[in-house]
Amino acid sequence: MKIDRLLAIVTLLLGRDRISGKELAERFEVSVRTICRDIDAINKAGIPIVSYTGIAGGYGLIDHYKLDRQLLTFEELLVIETALNGMLSSLDDQKIQLLMDKVQAIIVKAERDQMQEHKQKMIVDFNPWGHGRSEQDIIEQLRGAIKDNLMVEFDYPDTLGEYHARKIEPMTIALKGYHWYVYGYCTTRNNYRIFRLSRINNLRITLESFIRRDKTIEDLEALWNDRGPVTHLELHFQPQVRTRVQDYFKAELITPLPDGSLRVKGEFLEDSWLYDTILSFGPNVLVLEPEHIRAEIADRVRRTAQLYDK
């Protein structure tokens, strides 16, 4: 709609000293001629826009023209802008970009240098390591399916790495640690499930709609506690992996020992992540208990060694 474009142009001009007609045209996917007419309409509405000629020309608002921001302090705006930057790093969403433009619009020129200085001191990036364009595409497709209550189908691996077809009612997307997940009701398994986006193959949005089930975010989050058996684990780590241990485990589970080694005790979900994590420490970790995890780790090490004995 034209009125939306006019408001967006004003928002941009409030946050920028000057912007060219060509840039505005490309941003809103209209012609430069249309932008000229929009600028004229904004001027007639009483918002003073100045046209500058030359190489550095373009459009800008007259000095000292700004919006009132009675409800927000500059420090609060810094927090909002930092959080929005982090979201934009992971979600390619024009609505987030427009909101950032609005935040910039209510910052007076005298504060913009402070805003830039703050950006040099803190980075919030919600983009997980290894997160690529393909996973971002999956996120966008799932967001659309959740918004429109559309069923989705995809192929997903089991614990042995074999892929099987799944069909779900997508309900929520969540970023946990380094990975994105989708929560939903799996009609293939007739139960609620959590799926890691990086493992989804051949995602297909169907035209089949569904009525969202009566589950709150808190109910869906509780699914993490139902993913398998929890076991008491005790590990002993060599001093040279102290830093990694502190990265992987909570401080209250770690006990430093006099010789520099570390003891880790706690309740852990017994799944592939647990075994992979223990094995990643190689000879620098010893499983003290329970016995069945000691045996499983020893068996996996033996099978790995056999690959190199051939």
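Between GLU140 and ASN201, residue separation times 0.36 nm minus the direct Cα-Cα distance comes to 20.5 nm. Spin-label model, ASP155 to LEU279: label points 7 Å out along the Cα-to-beta-carbon direction sit 2.3 nm apart. When the Cα gyration tensor is reduced to axis lengths a ≥ b ≥ c, the ratio a/c stays below 1.5 for the range 1-48, which is therefore classed as rounded. Model label sites at ALA174 and GLN240, defined 7 Å from Cα along the beta-carbon direction, differ in position by 3.8 nm.
What a 1.4 Å probe finds exposed on the range 241-310 is 53% carbon and sulfur by accessible area, rounded to a whole percent.
The simple spin-label model puts a point 7 Å past each Cα toward its Cβ; for ALA305 and GLU221 those points are separated by 4.5 nm.
Accessible surface of LYS250, taken over heavy atoms with a 1.4 Å probe and every protein chain present, rounds to 130 Å².
The values are calculated or read from the model by the stated rules, or taken from the named source; none is laboratory data. Since we're looking at a predicted model, the values are computed, not measured. Cβ coordinates were reconstructed from backbone atoms using ideal geometry, including for glycine residues, and neighbour counts include every protein chain displayed. Just the protein is used for accessible areas: all its heavy atoms, side chains included, with ligands, DNA and RNA removed. Shrake-Rupley method; radii C 1.70, N 1.55, O 1.52, S 1.80 Å.
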